[in-house]
Amino acid sequence: MLARALEVVFPQRCAGCGGGPWPFCPECCERLVALTPPWCARCGRPWPSAVPTCRDCPPAPLDGARSPFRFEGPARRAVHRLKFSGWRGVGPALAAAIAALDDLPPAADVVTWVPLSRRRLAERGFDQAKVLATGVGRALDLPVRGLLRRAIATGPQAQRHAAERRTAMRGVFAARDRITVPGHVLLVDDVLTTGATAAAAAEALREAGARTVYLVAAARAFPGPTPRAYTRPGPRPGLWLPGDTPR
């Protein structure tokens with residue numbers, strides 16, 4: 001009742017532009033770049049034709065990965081509003097998009113998330129990946145459990161290359177004390193870039209007993225040009241070509 005009353009007084013606004021209707025206004029929906037086939041079967045990176053694996057696949061401790069959107073435009077702004085502006089309501093909208101993906105692994109026993117450091121958690125007041133994981137678990141009717149902790153504090157990773165990130169993230173995560181890790185884990189994060197952070201989390205889960213760890217993230221950032229993915233609800237644009245301005 002309180003949530004409904006607050007919506008009347010402070011109606012939710014578009015997560016992309018902040019001005020239109022919730023969760024994305026028609027204009028922002030047109031600009032959301034949905035990641036769809038043809039793609040890499042392992043990580044969901046768009047390619048001109050289907051491939052089993054690709055050069056941008058996340059590291060081996062992860063069995064696979066999927067994201068509903070490319071990390072640009074309204075999706076990027078929505079993630080930033082969730083992470084940096086405290087718009088927790090953005091979480092369920094992005095979680096619904098994750099849960100609606102067609103090819104999620106059917107065998108997941110539990111949903112967990114890539115945890116923030118204590119310092120970041122204190123700064124933000126909440127863990128955005130936990131918000132997403134809670135929404136994904138609810139949508140998929142799966143239990144949500146905090147299986148991981150940060151054993152080592154790390155600095156920002158955004159300016160590091162993939163190899164540097166993998167080196168920096170080794171040993172960062174550990175399974176929480178007195179936690180039994182199920183065999184098949186669905187791991188949730190906000191953005192997938194190189195996969196170094198999620199791979200370190202997956203390694204800790206495997207060491208604690210997980211047999212498979214599959215990553216889902218609200219959005220996917222790519223290091224270079226990619227084929228243009230479908231843009232819902234509009235038609236599929238042409239592939240990116242050298243000389244064009246990448247989307």
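The values are calculated or read from the model by the stated rules, or taken from the named source; none is laboratory data. Remember, it's a predicted structure, so these values are computed and weren't measured experimentally. Neighbour counts are summed over all protein chains in view; Cβ atoms, including those assigned to glycine, are modelled from backbone coordinates with ideal geometry. These accessible areas exclude ligands, DNA and RNA; they are computed on the full protein's heavy atoms, side chains included. Shrake-Rupley method; radii C 1.70, N 1.55, O 1.52, S 1.80 Å.
Worth a mention:
- Residues located in the stretch 182-197, provided they are assigned to a loop (DSSP other than H, G, I, E, B) and modelled with pLDDT of 95 or more: PRO182, GLY183
- Residue in the stretch 77-98 that is open to solvent by less than 60 Å² (accessible area, probe 1.4 Å), in contact (Cβ under 8 Å) with a residue 60 or more places away in the chain and of a type in the set (Lys, Arg) present: yes
- Answer residue from the stretch 198-245, given it is surrounded by fewer than 24 Cβ atoms within 10 Å (Cβ to Cβ) and β-branched (Val, Ile, Thr) and is modelled with the lowest pLDDT among those: THR245
- Scan of the stretch 100-142 for residues that are among the hydrophobic types (A, V, I, L, M, F, W, C), in a loop (DSSP other than H, G, I, E, B) and touching a strand residue (DSSP E or B) at 6+ places or on another chain (Cβ under 9 Å), ordered by number: LEU101, LEU104, ALA107, ALA108, VAL114, LEU116, LEU142
- The sole residue among ALA129, ALA93 that is under 29 Å from GLY19 (Cβ atoms) and at pLDDT below 95 is ALA93.
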